[in-house]
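See structure below.
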Amino acid sequence: MTPFLRLENISKSFGAVRSLHEVSFDLGSNEILGLIGDNGAGKSTLIKILSGVFPPDSGAFSFDGKKVNSRYYSCAQARKFGIETVHQDRSLAEKQSLWRNVFAGRHITNSLGFIRIDLEKAETLKILYDIIELTADGLDPDLPVSVLSGGERQGLAIGRAMYFQSRLVILDEPTTALSLRETEKVLGFIQKIKDAGKSCIFISHNIAQVFAVADRFLIMDRGMVVADILKKDTSLIGLTDRLLSVCQKEIPHA
Amino acid sequence: MHKLSSFGKYTSQFAISLLLILMLIAFTLASPATFLGWSIYEAFLSTIPFFAIPALAMTLAIVCKEMDMCFPSTIALGGFVFAWLWTHTGSLGLSIVVGLLAGTAVGWLNGFIVVRVGVPSIIATIGTQFFWRGVVMLLCAGLALDLTGIRETALHHVFAGRLFGVVPAQALWAFGTAILMWLMFNRHVFGDAVRFTGDNSETALKMGIDVDRTRIAVFSLMGFLCALSGIMVCIEMGSWWPTQGEGYLLLVFASVFIGGTSAFGGQGSIYGTCIGATIIGIVEAGIISAGLSGFWTRTFYGVIIVTSVSFYNILAKRQK
Ligand SMILES: Nc1ncnc2c1ncn2[C@@H]1O[C@H](COP(=O)(O)OP(=O)(O)O)[C@@H](O)[C@H]1O
Ligand SMILES: [Mg+2]
């Protein structure tokens, strides 16, 4: 069976910094993958390649067995494939209104390219109330993103991903800036992705969170995948030990 | 639960409209004979469009976080190509089309240098401003072109005639352009792409917006509208002259910034630019008819620009 996503020997360097070295793995079509590893392990670099921010230096990846031509791959292309990414930062344009942020790059338009604003505002309200369940007073799709709190912003970016029913949702440390309650909500979203038959790559520093929702874990270290573990083969303590042993190898003097 | 608020979405548009009204009242009190008659308004409507049209395009450029210092030369070049072709072929249609194309090409080239080569727009366009001014100077050998006969043609009436004998046609063109630009900026995906590109180009890219194409399009549009303005100036004046467009540098930037377009990109107002251009356009007439020396005009422009930009900055800070 062809996997939904396959990566083969993906490498990427920034000048002398080798961010990714020959990364390969498969992702199933209804799999929640937890991507863990220390700061600087290359997690964000990897998902930026998948979401079209920049191409890899070498290596290839394919969706449904179809190889991606990295010359024509872009964020717009990734979205067309159904890959929605909530980046660690800069997923929203702060001075722009909520509705513009929800639909940027894929507005509902007439044949001349004019935006159906009323429809988009109504849909934005639905996302705010029904999907991310914002409770603030005076919610108006015309408000700029800058009035939202960190958690609400993350919620909007995730709500957007949910709304567009992407096949693969990539979340890069979505819970870092969030309160406990907001974090619960994000974990709930990931469960919903699973229930809807879609896939997710979830990056977090918090192993307990990753363990709670993921089916499988990849541990990355200095640009390489050093462990690929199924949830059924491990426990929270087992996974934590594994990650710690990887981290400790980084400090030979200790 | 907290309360969300957007501080006065229309505050700045209201403030600038009020400023215009107050100025009109002040000028009328200072010289009622002038400001209660129609002829001064006809004069305004015939001169303001020539820099209001480039200012509309400049608004989009500034929102996109770009700067086009080349535009006075684009106006001159568009005007020159039009005037030269008309004197040599006598075909108005051909001259207009090729003039507009020439301006668009100059704008596109600016965009190419900025986006594909990567030269910061302010530097690139200062360079091309000198370059194209030099080119037209060489081509015309420093001499103006006489277009007297153009005032007899039908198209003269279309571009610079007087509707019902009183309303300058260029004002209608500027009005139409303003409406189109408003629709583009507020309702069209192109305006949306411009906003996101200027707000945060990295975010725009992540959202699948073609940032490079958007930036080049903004420069091309600038070139197109500058050429339109240059051609209309030629038709109105019945001549083309080598320094055409030079006086518009200050007027265009003043119009845009008085209008409340953010110098930091991502935000702007077409309505504001229209009112800003009107304010800038009536200041000089107001000052002179109030009996002050014309030397006051620049001082006044300076005060207005600094005051308005400070005002918007304070407004933006309070919003945070
Ligand atoms: N745009 C970039 N330019 C230069 N170096 C980068 C860039 N992006 C990432 N890196 C480097 O690549 C390495 C991996 O970074 P990153 O993928 O962000 O790690 P993680 O997300 O796992 O914390 C780091 O050493 C980082 O400094
Ligand atoms: Mg990261």
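Descriptive notes on the structure:
- Scope region B:162-217; condition within 14 Å of chain A (Cβ to nearest Cβ) and not in a helix (DSSP H, G or I); matching residues: B:H188, B:N200, B:M207, B:G208, B:I209, B:D210
- Condition check for A:D118: surrounded by fewer than 16 Cβ atoms within 10 Å (Cβ to Cβ), within 14 Å of chain B (Cβ to nearest Cβ) and within 15 Å of ligand 1 (Cβ to nearest atom): no
- Qualifying position, being within 28 Å of A:M224 (Cβ to Cβ), more than 10 Å from chain B (Cβ to nearest Cβ) and either of a type outside the set (A, V, I, L, M, F, W, C) or surrounded by fewer than 20 Cβ atoms within 10 Å (Cβ to Cβ) (or both), among A:S91, A:S44: A:S44
- Inter-residue pairs, beta-carbon under 9 Å, first surrounded by 10 or more Cβ atoms within 10 Å (Cβ to Cβ) and in region B:129-154, second part of a strand (DSSP E or B) and of a type in the set (A, V, I, L, M, F, W, C), 6+ apart: B:C140/B:W240; B:A144/B:W240; B:L145/B:W240; B:D146/B:W240; B:L147/B:W240
- Extreme residue, nearest to the other protein chains (Cβ to nearest Cβ), among residues of region A:26-41 that are surrounded by fewer than 18 Cβ atoms within 10 Å (Cβ to Cβ) and more than 13 Å from ligand 2 (Cβ to nearest atom): A:S29
- Residue satisfying all of: in region A:131-166; acidic (D, E) and either touching a helix residue (DSSP H, G or I) at 6+ places or on another chain (Cβ under 9 Å) or touching a residue at least 40 places away in the same chain (Cβ under 8 Å) (or both); farthest from the other protein chains (Cβ to nearest Cβ) among these: A:E133
- Residue in region A:45-53 that is away from ligand 1 (no atom under 11 Å from the Cβ), touching a residue at least 24 places away in the same chain (Cβ under 8 Å) and part of a loop (DSSP other than H, G, I, E, B) present: yes
- Which listed residue is touching a residue at least 24 places away in the same chain (Cβ under 8 Å) and either within 16 Å of ligand 1 (Cβ to nearest atom) or closer than 22 Å to B:F196 by Cβ (or both), from A:G113, A:G34: A:G34
- Candidate set from region A:54-73 (those that are surrounded by fewer than 19 Cβ atoms within 10 Å (Cβ to Cβ) and in contact with a Leu (Cβ under 9 Å, 6 or more places away or on another chain)); member that is farthest from A:V23 (Cα to Cα): A:D64
All of the numbers you see were taken from the coordinates with simple rules; none came from a lab. Quick caveat: nothing in here was measured; it's all calculated off a predicted structure. Positions of Cβ are generated from backbone atoms using ideal geometry, with glycine treated the same way; all protein chains shown enter the neighbour counts.
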